[in-house]
1. May I ask you to list the residues of region A:194-238 whose amide nitrogen lies under 20 Å from a point 7 Å from Cα along the Cα→beta-carbon direction of A:Gln84?
2. Between region B:118-193 and region A:176-207, what's the alpha-carbon centroid distance in Å?
3. Cα axis of helix B:190-207 to longest principal axis of chain B: angle in degrees, 0 to 90, nearest 10?
4. Projected area of chain A, taken from the Cα convex hull and averaged over every viewing direction, in nm²?
5. Name the residue from B:Gln130, A:Leu292, B:Ser78 whose Cα lies farthest towards the positive end of the charge dipole of the protein assembly as shown, charges +1 on Cβ of Lys and Arg and -1 on Cβ of Asp and Glu.
6. Apply the Karplus parameterisation 6.51 cos²θ - 1.76 cosθ + 1.60, with θ equal to phi minus 60°, to every residue of region A:218-232 and state each ³J(HN,Hα) to the nearest whole Hz, in sequence, with x for glycine and proline.
7. Per DSSP H run of at least 4 residues, take -39500 (n - 2.57); add these up for the protein assembly as shown, divide by its residues and hand me the 222 nm value, nearest 500 deg cm²/dmol.
8. Shape of region A:214-257 from its Cα gyration tensor (a ≥ b ≥ c, root eigenvalues): rounded if a/c is under 1.5, otherwise prolate when a/b > b/c, or oblate?
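Read-outs throughout are calculated quantities, based only on the coordinates presented, and are distinct from any laboratory measurement. This structure is a prediction, so every number in the text was calculated from the model and none was measured. Cβ placement follows ideal geometry from the backbone for every residue including glycine, while neighbour counts extend to all protein chains displayed.
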Amino acid sequence: MVLNTNDPILRLNNISKSYTGGGRRFLGFTQGGKKIVALEKVSLEIMKGETLVLLGESGSGKTTVAKMITGLELPDSGEIIFKQSKLTSRNRNSLARGKIQMVFQDAASSLDPYYTVFQCVSEPLFKSKDTIEKKVDKVLRALENVGLDESYLERNVKELSGGQKQRIAIARAIISDPDIIVFDEATSSLDVSIQAQVLNILVDIQEKYNFTYVFITHDFNVAKFMADRVCIIYYGRILEIGPSEIVLSDPKHPYSILLKNASPMIGKEYEDIDVMSPDEVYVGDSKLGYCLFYNRCRNRMEKCLQSEPPLFKLKNREVACFLYENK
Amino acid sequence: MERILRVEDLNVTYGESTRALRKVNFDLFQGEIVGIVGESGSGKSTLGLAIASLLALNKKVKFSGKVNVNGVDILNASEEQLYRIRGTGIFVIFQDPFQSLDPLVSIEDHLSEAYAISSDRNNVKVNPEQIRKAVITALKKVNFTNPEVILKKYPHELSGGQNQRIMIAMAILEKPKLLVADEPTTALDVTTQAQVLTLLKKIVKEEDMSLLFITHDLAVASMLCDRIIVLYDGLIQEIGSVKETISDPLHPYTKGLINSIPNESKKEGRLKFIKGMYIHNEVIDGCPFYPRCDSRKDECIKGIPSLIETRGRKVRCIIYGVEYERSDTTAK
């Protein structure tokens, strides 16, 4: 199917997902426990060739979005549309296998330490009918793209450093020629100098192959570098979404503003930090029916308690806050 | 200003070959916040442990040099002396507060114990009401709005940021001269991190403590500290005030670190990065940064450059003068 450039390559429609936390487990059943809403009616469109950054703190549900996209877990409700066809657990294998790839935070635990680099990187090709020479060729090309050379082919993964392992994981993700790559905090455990190398590689290969990236991070500076569009999420809700140069330089939602002020930046000083802490943390109950940021918000109003703000459309972004209701 | 900490020629070696710290020299004065910045493997945590005398006492760990905290020679002190200086003299906050707090002891008991010990060492007699009052004041200082509720809780009922604030409250009660914080906010969210760091800075200035802040994040250090020490492969590469070091870094490594932090969008160009990577236990005769340095010369590997003073700062790079450390003083 040919895609128009304006068509989203992947669309999430009203995805909800909840987990059960705590409770007693017995014979595979869970008794009691609290329902934790990880995602609540999240709708997202991802365009071909763009980088969408999901920015949020721990517990915001950003990893759950990644799991939904890659099919590691199934949503409770809502649909995922990939290239205009709905993905279900049955057709996912034929439609999206190898086309949606993921790179995890901890490369060491996503690679088999006893595999050689060649085995690791060629793993996604196990079903292809390529000859071994062709596979080697493909692996070499993938390694070259991440800045590693031939000499790595026969080395064991366990001998490599963290940055090198992450490159191997990236090479493995690109070898099946995917459409979408999901990066879940892929550079957060690396030292800054290594992180800079890896981020450069990611941008280079994206330009070369026109990959679509979903980049998950909690780091404001990394988001600023990588993003075309940014989506800020908090307790399973999208609070603000729009082009990165607008959203990150001039955030509108009180939470986005707080995130920006709290992010460490060289030569800046902490000022205007909201000392209001999430002492009393909501474990997102979908039935709450009010703004989840209410107890930390400076601009809270009566209205925020009466209903949950939907995403209001502003000029070229959407913000879920009643402050922007009629603008 | 009173000098709280003096580290002289500190060398730490693990096993046969791992040189964690080499000839580290610096001072820390009262009321000052000094940041130790370095990437993984630079020896920054070892420095924190050595200062608190928490290095393992076994055959594999060898150390030499002097650490002087408030007049006590830490590395040669007896257990008895160390017992008296820990807590009220040196207080260490680690990355994971869950590991520092006892899961079976309530927050109230943690803090009461801290206060009781500190008053005992100051030969002040306190009764339970006074302890409780002090504990509640300390909790209020670390921004808990409901101290009475928090007192009844146990560490597992609180979040990471809250527990880290409990640790800071404990430090307030023990009034140490020297506070060592080893990556205290690395595991926290940015908003919580901002909160804990602002608090830490306020407390240190109010209570007139000194803080040695160990971090991998130059941005965080630049927002909190008065002075910065940059470590690479166990050697101090640069010491200077934050403002000068950030705006005009002297050492190529410091420059590289600052440039590696993303600041602009990818549309403005690629990130500047430091080439290569730090290789653990790599044998280099001379400057350990030589393989990754952009402005390297042949003189760099004739010996380890010494820490030279230029423009009121100290830097270990031959660009600023060709001088070498005497080889016998650096641990192999």
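1. Residues A:212 qualify, since their backbone N sits under 20 Å from the label point.
2. Taking the Cα centre of each part, region B:118-193 and region A:176-207 sit 40 Å apart.
3. So the helix axis and the longest Cα principal axis differ by about 80 degrees.
4. Average of the hull's projected areas for chain A equals 19.6 nm².
5. With unit charges placed on the Cβ atoms, the residue in question is A:Leu292.
6. In residue order, the calculated couplings are 10, 9, 4, 5, 5, 4, 4, 6, 7, 7, 9, 10, 10, 10, 9 Hz.
7. Values: 22 runs with 204 residues, N = 659.
The helix contribution divided over the protein assembly as shown gives -9000 deg cm²/dmol.
8. Details: a/c = 1.59, a/b = 1.17, b/c = 1.36.
Judged from the Cα gyration tensor, region A:214-257 comes out oblate (a/c at least 1.5, b/c at or above a/b).
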